[in-house]
Amino acid sequence: MNASASWDGMAWLTGATAAERIIPSVIAEAHRVQQEILELLKQNSFSDRDIFAVKLAVEEAVVNAIRHGNQSDPDKKVRIAYQVTTDAFAIRICDEGCGFDPDAVPDPTQEENLEKPSGRGLLLMRYYMNEVRFLDGGTTVLMFKRRGSS
């Protein structure tokens with residue numbers, strides 16, 4: 001990883017293309033930002049597999065921020081900051097909600113939770129990204145993906 005200064009406990013990438021977006025809690029706005037990210041990943045020669053992984057994790061995280069964090073209130077904002085290099089991708093997503101305890105979310109792979117709708121997004125984020133961290137009482141998620149890693 002080509003990292004420099006700390007970014008809320010996560011390495012900030014050296015020489016990265018970076019952007020920050022503040023969007024209303026509207027799914028269409030989230031998709032616009034997601035498309036920007038996917039284009040940058042393509043420009044930096046990420047594989048289709050890595051692009052799929054980032055797409056899925058970012059979509060889950062932003063939709064969670066909008067629906068669960070901000071309760072789909074379009075007056076509440078979601079802040080998205082991301083960086084892309086030829087080797088890695090990092091993103092920070094913050095909502096204006098009350099937060100949550102990610103350790104309290106039931107494991108969707110346990111038999112008693114198989115038919116419950118919650119927890120799958122967190123499972124996917126953790127599976128597809130190299131690092132996933134929650135800060136600020138669960139209102140901020142940091143995710144990191146190294147190119148070519150599973």
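Remarks
- Any hit, region 35-43, residues being part of a strand (DSSP E or B), modelled with pLDDT of 95 or more and β-branched (V, I, T): no
- Annotation: of all residues in region 67-95 being within 25 Å of A53 (Cβ to Cβ) and among the basic types (K, R), the one that is farthest from the chain's Cα centre (by Cα) is R67.
- Filter result for A90 (of a type in the set (G, A, S), outside any helix (DSSP H, G or I) and in contact with a Lys or Arg (Cβ under 9 Å, 6 or more places away or on another chain)): yes
- G69 falls short on exactly one of the conditions (1) surrounded by 13 or more Cβ atoms within 10 Å (Cβ to Cβ); (2) out of contact with any Gly (no Cβ under 7 Å at 6 or more places or on another chain), and that condition is (2).
- Count of region 53-86 residues which are of a type outside the set (V, I, T), closer than 19 Å to E20 by Cβ and part of a loop (DSSP other than H, G, I, E, B): 2
- Residue check, F46 more than 14 Å from the chain's Cα centre (by Cα), among the aromatic types (F, W, Y) and farther than 21 Å from L123 by Cα: yes
- Residue, modelled with the highest pLDDT, within region 11-20, restricted to residues that are farther than 15 Å from L142 by Cα and surrounded by fewer than 19 Cβ atoms within 10 Å (Cβ to Cβ): T17
- Between R32, R21, the distinction of being part of a helix (DSSP H, G or I), over 23 Å from G119 (Cβ atoms) and of a type in the set (K, R) belongs to R32 only.
- Considering (1) over 20 Å from A30 (Cα atoms); (2) in contact (Cβ under 8 Å) with a residue 12 or more places away in the chain; (3) surrounded by fewer than 17 Cβ atoms within 10 Å (Cβ to Cβ), the lone condition that G99 does not fulfil carries the number (1).
- Note on region 35-57: residues that are closer than 18 Å to H68 by Cβ and surrounded by fewer than 17 Cβ atoms within 10 Å (Cβ to Cβ) total 1.
- Applying the set (1) within 16 Å of the chain's Cα centre (by Cα); (2) surrounded by 15 or more Cβ atoms within 10 Å (Cβ to Cβ); (3) free of Cβ contacts under 8 Å to residues at least 60 places away in the same chain to G121 leaves exactly one unmet item: (3).
The values are calculated or read from the model by the stated rules, or taken from the named source; none is laboratory data. In this text, all values refer to a predicted model and were calculated from it rather than measured experimentally. Methodologically, a virtual Cβ is constructed for each residue, glycine included, from the backbone with ideal geometry; neighbour enumeration extends over all protein chains shown.
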